[in-house]
């Protein structure tokens with residue numbers, strides 16, 4: 001392995017971390033879950049920093065990083081909903097948004113042409129808000145003083161899911177229309 005693959009290896013490590021994080025949540029070992037979630041967050045920042053700082057960006061990395069983020073977030077959200085610690089409707093909303101984006105991307109690729117996997121800013125905000133919600137819910141289990149913050153973050157996540165999903169439909173719909181119009 002050479003250094004240019006380090007960001008990809010960190011993303012793979014983050015994918016592997018999903019298993020112990022889900023296990024810690026399911027067994028209600030919230031201190032361990034919090035620690036592992038922090039490690040996952042730091043590794044996410046580190047792989048992004050290394051890829052950009054040293055120009056170690058790759059097509060594989062552009063796929064691995066969001067896959068690692070989605071696996072971590074969706075598995076955490078599903079587990080927390082399973083435990084009754086967050087509303088199931090919010091998880092379904094998040095899953096529906098992600099499925100819509102993936103199906104839209106596949107349709108664009110097959111009907112219009114190749115596209116780059118560049119997340120929109122609203123998507124980045126959505127990811128950060130989901131991470132914050134998971135972290136707050138885990139902290140709430142350790143320190144039950146976060147009730148108001150968790151409720152507020154649930155509504156922020158809902159809004160960010162709706163805004164981000166709508167922006168993807170709008171932006172990629174316009175791009176598809178423009179590309180079809182040019183041909």
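Given the condition assigned to a helix (DSSP H, G or I), within 13 Å of residue 25 (Cα to Cα) and over 17 Å from the mean Cα position of the chain (by Cα), answer yes or no: does some residue in the range 70-89 qualify? Yes; the residues of the range 70-89 include at least one that is assigned to a helix (DSSP H, G or I), within 13 Å of residue 25 (Cα to Cα) and over 17 Å from the mean Cα position of the chain (by Cα).
Restricting attention to the range 93-101, does a residue exist that is over 19 Å from residue 125 (Cβ atoms), assigned to a helix (DSSP H, G or I) and touching a residue at least 40 places away in the same chain (Cβ under 8 Å)?
Looking only at the range 93-101, we keep the residues that are over 19 Å from residue 125 (Cβ atoms), and these are 99.
This time we only want the ones that are assigned to a helix (DSSP H, G or I), so: 99.
Restricting the remaining residues to those that are touching a residue at least 40 places away in the same chain (Cβ under 8 Å) gives none.
Within the range 93-101 (the criterion being over 19 Å from residue 125 (Cβ atoms), assigned to a helix (DSSP H, G or I) and touching a residue at least 40 places away in the same chain (Cβ under 8 Å)), the answer is no, since none of the residues qualifies.
Could you say whether any residue in the range 76-85 is modelled with pLDDT of 95 or more, closer than 22 Å to residue 48 by Cα and touching a helix residue (DSSP H, G or I) at 6+ places or on another chain (Cβ under 8 Å)? Yes: one or more hits.
Results for (1) assigned to a loop (DSSP other than H, G, I, E, B); (2) touching a strand residue (DSSP E or B) at 6+ places or on another chain (Cβ under 6 Å); (3) modelled with pLDDT under 95, shown as yes or no for each residue.
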residue: 35; (1), (2), (3): no, no, no
residue: 57; (1), (2), (3): yes, no, yes
residue: 63; (1), (2), (3): no, no, yes
residue: 66; (1), (2), (3): no, no, yes
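In the range 44-52, is there at least one residue being under 27 Å from residue 151 (Cα atoms) and without any contact (Cβ under 8 Å) to a residue 60 or more places away in the chain?
The first filter runs over the range 44-52 and keeps only residues under 27 Å from residue 151 (Cα atoms), leaving 44-45.
From the residues that got through so far, the ones that are without any contact (Cβ under 8 Å) to a residue 60 or more places away in the chain too are 44-45.
Checked the range 44-52: at least one residue is under 27 Å from residue 151 (Cα atoms) and without any contact (Cβ under 8 Å) to a residue 60 or more places away in the chain.
If you take the residues in the range 105-121 that are under 17 Å from the mean Cα position of the chain (by Cα) and not in a loop (DSSP other than H, G, I, E, B), which one is nearest to residue 157 (Cα to Cα)? Step by step, filter the range 105-121, then rank; the result is 121.
Would you check which residues across the range 166-175 are surrounded by 12 or more Cβ atoms within 10 Å (Cβ to Cβ) and either in contact with a helix residue (DSSP H, G or I) (Cβ under 6 Å, 6 or more places away or on another chain) or closer than 20 Å to residue 96 by Cβ (or both) and list them? Quick ask: steps written out before the conclusion?
Initial filter on the range 166-175 (surrounded by 12 or more Cβ atoms within 10 Å (Cβ to Cβ)): 166-169, 171-173, 175.
166, 167, 168, 169, 171, 172, 173, listed by residue number.
Considering each of 144, 87 in turn, give the residue that is surrounded by fewer than 16 Cβ atoms within 10 Å (Cβ to Cβ) and closer than 21 Å to residue 38 by Cβ. Give the steps one after another, and end with the answer.
On the way: 87 fails: closer than 21 Å to residue 38 by Cβ.
Selected residue: 144, the only one of 144, 87 that is surrounded by fewer than 16 Cβ atoms within 10 Å (Cβ to Cβ) and closer than 21 Å to residue 38 by Cβ.
Of the residues making up the range 7-25, one or more are closer than 25 Å to residue 149 by Cβ and more than 16 Å from the chain's Cα centre (by Cα). Evaluate the following for residue 125: is it over 24 Å from residue 13 (Cα atoms), at pLDDT 90 or above and touching a helix residue (DSSP H, G or I) at 6+ places or on another chain (Cβ under 8 Å)? Criteria not met by residue 125.
The values are calculated or read from the model by the stated rules, or taken from the named source; none is laboratory data. Bear in mind that the values here come from a model prediction, so they are computed numbers and not experimental data. Virtual Cβ from ideal backbone geometry, glycine too; neighbours counted across all protein chains shown.
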